[in-house]
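A.B. asks: Submitted below is the structure of interest, expressed as structure tokens.
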Amino acid sequence: TIAELISWEALDSRGRPTVAVRVVLSGGVSANACVPSGASTGSHEALELRDGGGRYGGRGVRTAVNNVRVALADAVVGLDVADRDAVDLALRAADTSPGFAKLGANAILAVSVASARAAAAAAGTSLARHIRGDGPLPIPMPMVNILSGGAHAGGLIDIQDLLVIPTASSSFAEAIEWAAAVREATADLARHCAFREAVLVADEGGLGLALDSNREALELLVDGIVHAGFTPGEDVHIALDVAATEFYRDGAYDLATEGRRLGSAELVDEVRAWCSDFPVVSVEDVVAEDDWDGWIRATEALGASVDLVGDDLFVTDVDRLKRGIETGAANSVLVKVNQNGTLMGAREVLRLAHDNGYRTVVSARSGETEDAWLVDLAVGWGAGQIKVGSTHRSERVAKWNRLLELEATEDTAFAGPWPDGRPTR
Ligand code: PGA
Ligand code: ZN
């Protein structure tokens, strides 16, 4: 049973405050958790409670920390963590406002994760194994960020993430080795291009560089894959996070890099051309979060051959995913636990997705910490894919290292290779 909650303000990878929690059980076992934070957030996400005022530019989380110490401690002290959903149900009951706006989803999630970890620790096992039970642990296929734009790289290009999926790899260790090689090769090409004074490291560890068009970024990535010794479209495929909500303004899409303004149907046509000219097998947030018609149009046009992943669209919310399933919007869902607020809530979204043939990608945020609980959840829940950024920056590498550790030390089954560059499930 939970004896005590301890909470404090920690820093995330952008130097901004975030909530850290320690759950102490009556037997003396304890576990910590730190929560992440997005930059290209969807407007329908659960609420991250920030203090306002002068500290950290208004981003302090002392109120959320205090909510853990008082309101959430009142709600969960005395509960048995072995009863899987008891803590999350109590957290939900403690704040019934939409998006946990009263106490803060950052406060609630930190308690939810630390409690699950404490339960695993008390049972003498890892969180992944605790959630999964017996049998091989399913290791997801990684999607690894190589080039960054949008809100993660000062808008250098409009597409937020250009990622690689090492689709022909047959172990996680091989997959991450290939992805690291592509990043190095792409960085090498970028540095040798004329006029490229600066190749910067973006928020998720990808390369940030000024290019003239989004298509040029796709060309550079394909060149990088070749330069690393792989065959694009055979060994390695491409995924995009367009993050279109970020450049949707007054009813149209501003591709600022190219000085073009596109309607929803025109943006879908543009993305369709990218998918036919380059080995793109997955596109996230192809249009904006509330452009349901655009989503349905994109799914009709591309859904048979491309994973269309809803991030800002679904915000890890059961009701929004249900609407997507009913209307035929997207065919895959990005699962970001902090968009929802509890492990139980995120797990419901993942189950609903799997039950309806939607693929799942468990994802980190652009503001992360060294804490890697996300990996154990992705594995425990059996997500097909995982996206945590690039192979640079320790808050990213912490997640890849956790996957490497699981593969080296546990009985595991890797998701790859994908037969036709497409997932089997
Ligand atoms: P965010 O970006 O964490 O800044 O929201 C990640 C993503 O859009 O997938
Ligand atoms: Zn996204």
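The values are calculated or read from the model by the stated rules, or taken from the named source; none is laboratory data. What you are looking at is a predicted structure, and each value in this text was computed from that prediction instead of being measured. So basically every Cβ, Gly included, is an ideal-geometry build from the backbone, and we count neighbours across all protein chains shown. Just the protein is used for accessible areas: all its heavy atoms, side chains included, with ligands, DNA and RNA removed. Shrake-Rupley method; radii C 1.70, N 1.55, O 1.52, S 1.80 Å.
A.B. asks: Return the pair list, or none, for Cβ contacts closer than 6 Å from residues in the stretch 356-372 that are within 16 Å of ligand 2 (Cβ to nearest atom) to residues that are of a type in the set (Lys, Arg), at least 6 apart or on different chains.
C.D. replies: Pairs found: Val361/Lys387; Ser363/Lys336; Ser363/Lys387; Gly367/Arg14.
A.B. asks: If you go through the stretch 154-182, how many residues are of a type outside the set (Asp, Glu), farther than 18 Å from Gly233 by Cβ and crowded, with 24+ Cβ neighbours inside 10 Å?
C.D. replies: Number satisfying all stated conditions: 4.
A.B. asks: Say we look at the stretch 280-303 and pick out the residues that are within 16 Å of ligand 2 (Cβ to nearest atom) and in a loop (DSSP other than H, G, I, E, B); which of these is nearest to the chain's Cα centre (by Cα)?
C.D. replies: Asp285
A.B. asks: Follow-up question, since we're still on this one. Note down all Cβ pairs under 6 Å where the first residue falls in the stretch 287-308 and is more than 16 Å from Tyr358 (Cβ to Cβ), the second is open to solvent by 20 Å² or more (accessible area, probe 1.4 Å) and assigned to a helix (DSSP H, G or I), and they're at least six residues apart or on different chains.
C.D. replies: The qualifying pairs are Val287/Ser264; Ala288/Thr245; Glu289/Thr245; Asp291/Ser264; Gly294/Ser264; Ala301/Arg272.
A.B. asks: Looking only at residues that are away from ligand 1 (no atom under 16 Å from the Cβ) and farther than 22 Å from Glu219 by Cα in the stretch 262-289, which one is most open to solvent (accessible area, probe 1.4 Å)?
C.D. replies: If we take residues in the stretch 262-289 being away from ligand 1 (no atom under 16 Å from the Cβ) and farther than 22 Å from Glu219 by Cα, then Ala265 is most open to solvent (accessible area, probe 1.4 Å).
A.B. asks: Something else now. Quick one: is Asp80 of a type in the set (Asp, Glu), in contact with a helix residue (DSSP H, G or I) (Cβ under 8 Å, 6 or more places away or on another chain) and not in a loop (DSSP other than H, G, I, E, B)?
C.D. replies: no
A.B. asks: Take the conditions of a type outside the set (S, T, N, Q), part of a helix (DSSP H, G or I) and open to solvent by 10 Å² or more (accessible area, probe 1.4 Å) and apply them to Leu352. Does it pass?
C.D. replies: yes
A.B. asks: Continuing with the same structure: Of all residues in the stretch 300-326, which are crowded, with 18+ Cβ neighbours inside 10 Å, away from ligand 1 (no atom under 16 Å from the Cβ) and within 17 Å of Ile238 (Cα to Cα)?
C.D. replies: Residues satisfying the conditions are Leu302, Val306.
A.B. asks: Exactly one condition in (1) open to solvent by 20 Å² or more (accessible area, probe 1.4 Å); (2) part of a helix (DSSP H, G or I); (3) of a type in the set (Asp, Glu); (4) closer than 27 Å to His152 by Cα is not met by Asp371; state its number.
C.D. replies: Going through the list (1) open to solvent by 20 Å² or more (accessible area, probe 1.4 Å); (2) part of a helix (DSSP H, G or I); (3) of a type in the set (Asp, Glu); (4) closer than 27 Å to His152 by Cα, Asp371 breaks only (2).
A.B. asks: Now a separate question. Filter the stretch 16-37 down to the residues that are part of a loop (DSSP other than H, G, I, E, B) and among the β-branched types (Val, Ile, Thr), then identify the one that is most open to solvent (accessible area, probe 1.4 Å).
C.D. replies: If we take residues in the stretch 16-37 being part of a loop (DSSP other than H, G, I, E, B) and among the β-branched types (Val, Ile, Thr), then Val29 is most open to solvent (accessible area, probe 1.4 Å).
A.B. asks: If you take the residues in the stretch 374-402 that are within 16 Å of ligand 2 (Cβ to nearest atom) and assigned to a loop (DSSP other than H, G, I, E, B), which one is nearest to Gly310 (Cα to Cα)?
C.D. replies: Ala383
A.B. asks: Return the pairs, sorted by first residue and then second, in which the second residue is part of a loop (DSSP other than H, G, I, E, B) and within 13 Å of ligand 2 (Cβ to nearest atom), the first residue lies in the stretch 38-49 and is open to solvent by 60 Å² or more (accessible area, probe 1.4 Å), the beta carbons are less than 7 Å apart, and the residues are 6+ apart or on different chains.
C.D. replies: That search, which allows pairs on different chains as well, returns Ser43/Glu289; His44/Glu289; His44/Val315.
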